[in-house]
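Asks: Below is the structure I would like to discuss, written out as structure tokens.
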């Protein structure tokens, strides 16, 4: 079992690092993919090596997709390959866990219509506009979709993500 | 079961936040104690509320003590109450997990003589000087004592910490 995190510069540091370390604690290899190969830098200055570029990602290789927040999703939602990867996870009913601004990617991929979800409060209007059923909860689970609002929700977010992986 | 994190300003952000969120994921209440009450700020700018001051801490209330790194341990090792709390955990053989500069507190408490341990590389000489058996490993477990070197070791650090809690 492997996990995939897609992010880019100006990610929210803990929203990437907490899931990254948590999955590794469970001995799950984690691939970090981004727009270009190399180091991506968080809003708080943490650096993470993105060994894969988006075009190299085969979503069939991964059991879960994690979409951290920060300013990265604003860039990533413009990348057709990110939307294609997200759709692949949904079409195979595999877990997709998006936090804070992360759900913006799923909005652009038109995957949230009729789905229960949450997100960062400033993204809520956009989420509703996309047809999602917004809930102001620390975590919302709707089938394969796990969403949270902000860093303080990470314990609930990861609890549900690990549960969906059967861990 | 409750957990205790002792830290102060200029903590290494992920070394506090990753254990904090991980324990909360497991539904374990976590108290953060510091020199004064209020918000403590990490080197990367994250803020954490320290609801307890050291004098209010009764170590008997907690199943595990976590000592994150950064510059905080340099301040905390001068606080007699921190050393007293650490000694209480050792005398009851309860888990103490220290990472990076965190073991400096245990050096000052004279708890490492003859114990296998690791720490941040720049602290290694001081650790050996205190009589510890230094090992350059991602995590070293010696009885109740769990030590790690740096943020990248957090998965191994938390794997062993959770194991000691029977989780």
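Asks: Using only DSSP helix segments of four residues or longer, with each worth -39500 (n - 2.57), what per-residue ellipticity at 222 nm results for the protein assembly as shown after dividing by its residue count and rounding to 500?
Replies: -9000 deg cm²/dmol
Asks: Would you tell me the mean number of C-beta atoms belonging to other protein chains that fall within 10 Å of each C-beta in A:21-27, as a whole number?
Replies: Neighbouring Cβ atoms belonging to other protein chains average 6 per residue here.
Asks: For label points placed 7 Å from Cα toward Cβ, what is the shortest-first list of nm distances from residue B:1 to its copies?
Replies: Nearest first, the other copies' label points are 2.0 nm away.
Asks: Of all beta bridges DSSP finds with both residues in chain A, what is the antiparallel percent, to the nearest 5?
Replies: 30
Asks: Here is a further query. Taking 25 Å as R0, compute the FRET efficiency from the Cβ-Cβ separation of residue A:142 and residue A:26 and round it to 0.05.
Replies: E between residue A:142 and residue A:26, to the nearest 0.05, is 0.60.
Asks: Across peptide A:12-20, what mean number of C-beta atoms from other chains lies inside 10 Å of a residue's C-beta?
Replies: Mean number of neighbouring Cβ atoms from other chains: 4.
Asks: Moving on to the next point. Can you tell me the relative contact order of chain B? Whole percent, Cα pairs under 8 Å, sequence separation 6 or more.
Replies: It comes to 20 percent, rounded to a whole number.
Asks: How far is it, in nm, from the label point at residue A:2 to the one at residue A:52 when both lie 7 Å from their Cα along the line to the Cβ?
Replies: 0.5
Asks: For the range B:20-167, what size does the Cα cloud have along each of its three principal axes, sorted from largest down, in whole Å?
Replies: 36, 33, 33
Asks: Just to confirm the numbers: residue B:31, label point 7 angstrom along the Cα-Cβ line, distances to the other copies in nm, shortest first?
Replies: Nearest to farthest, the other copies are at 4.6 nm.
Asks: Calculate, in nm to one decimal, what residue B:37 and residue B:128 gain on full extension: separation in residues at 0.36 nm each, minus their alpha carbon distance.
Replies: So the extension gain works out to 29.4 nm.
Asks: Right, next: Could the peptides B:103-109, B:84-90, B:70-76 be put in order, highest first, of the mean number of other beta-carbon atoms found within 10 Å of their residues?
Replies: B:103-109, B:70-76, B:84-90
Asks: Now for a separate question. Sticking to Cα atoms, compute the Rg of the protein assembly as shown to one decimal and its Dmax as the biggest Cα-Cα distance, whole number, in Å.
Replies: 20.5, 63
Asks: Sorted by mean Cβ packing within 10 Å, highest first, what order do the peptides B:6-16, A:29-39, A:48-58 take?
Replies: Top to bottom by mean Cβ count within 10 Å: B:6-16, A:29-39, A:48-58.
Asks: Considering only DSSP beta bridges where both residues belong to the protein assembly as shown, give the percentage that are antiparallel (nearest 5).
Replies: 30
Asks: Please report which chain B residue places its beta carbon nearest the axis carrying chain B onto chain A, with the distance rounded to a whole angstrom.
Replies: Closest Cβ on chain B to the axis mapping it onto A, in Å: B:44, 2.
Asks: Along Cα-to-Cβ, 7 Å out, sits the label point; list in nm, shortest first, how far the one on residue B:51 is from those in the other copies.
Replies: 4.0
Asks: While we're here: Relative contact order for the range B:1-80 using alpha-carbon pairs under 8 Å, separation at least 6, rounded to a whole percent?
Replies: 44
Read the figures in this text as sums done on the coordinates, not as results from a lab. What you are looking at is a predicted structure, and each value in this text was computed from that prediction instead of being measured. Heads up, the Cβs are rebuilt from the backbone with ideal geometry, glycines too, and the neighbour counts pull from every protein chain shown.
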